[in-house]
Amino acid sequence: MAPDAYTAARVHREIKQLIMAGKFQPGLPLVAHTLADRFGTSISPVRDALNRLVGERLVDMQGGGGFAIPILSKRSAFHLYSWHADIVRLIVKVMIRFEEIGAPPVALVSKSADGAAIADAAAEFFALLAGCSPNGEHLDAIIQAGERLAVLRLHEGGIGRQGEELATLWNVTRSGNRNATRVAMWQYHRRRLLHADEISLAATRGVRI
């Protein structure tokens, strides 16, 4: 792989991590020159990385060839949570090897996890869930949806008890009771759909509630 390709891969990885960590305000324009200076590289690999992120729907393409962080409206938040729920519903129908999910992180059970830790645990749990599906496309779909939900997950504090809720969902799922898992999954997503407005507003303001 050429040096420029390595650089583009590194820039892509670092910008993606910053986006998912909520370090960029929704709607913020991403200026290639500024990012190139920040990462100590030329504009070319930055543009390559941003175009790749557009394909992953983590960055929006603006008129004239510019880039920006997507705006998190109530509608977009609702649709993302709904899409995630649809994927999970498909997975639960076909998943096998429930026991391979394992126990939830101790921090969730002890209620000591903060918002970022809970968001990370949610991403881990749903990836483990998708890994129990015989259809490999489910894992790709759940990871991509989870990456787009990352910022929203950081701002779910207003709905309360997320750590306890996730730990319970984790244990219900690994019990192997498919019907109980289906109900618990719907309750998990329903709470977020009902609070999509306040979650998206908190994410837009950059305030964790």
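What the table below lists for this structure:
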read-out	value
Hits in the range 167-202 - residues which are at pLDDT 95 or above and not in a helix (DSSP H, G or I)	His195
Any hit, the range 147-168, residues being buried (at least 21 other Cβ atoms within 10 Å of the Cβ) and touching a Gly at 6+ places or on another chain (Cβ under 7 Å)	yes
Any hit, the range 144-152, residues being under 21 Å from Ser112 (Cβ atoms) and of a type in the set (Lys, Arg)	no
Residue in the range 121-131 that is under 21 Å from Ala21 (Cα atoms), within 16 Å of the chain's Cα centre (by Cα) and aromatic (Phe, Trp, Tyr) present	yes
Near pairs, Cβ below 7 angstrom, 6+ apart or cross-chain, from the range 51-67 (free of Cβ contacts under 8 Å to residues at least 24 places away in the same chain) to any residue that is small (Gly, Ala, Ser) and open to solvent by less than 70 Å² (accessible area, probe 1.4 Å)	Asp60/Ala68
Extreme residue, nearest to the chain's Cα centre (by Cα), among residues of the range 17-38 that are within 22 Å of Arg205 (Cβ to Cβ) and assigned to a helix (DSSP H, G or I)	Met20
Any hit, the range 137-157, residues being more than 18 Å from the chain's Cα centre (by Cα) and either in a helix (DSSP H, G or I) or more than 30 Å from Ile69 (Cα to Cα) (or both)	no
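The values are calculated or read from the model by the stated rules, or taken from the named source; none is laboratory data. Just so it is clear, the model here is predicted, and its values are computed rather than measured. For neighbour counting, all protein chains shown are included, and Cβ atoms are generated from backbone atoms with ideal geometry for every residue, glycine included. Accessible surface areas use protein heavy atoms only, side chains included; no ligands, DNA or RNA. Shrake-Rupley method; radii C 1.70, N 1.55, O 1.52, S 1.80 Å.
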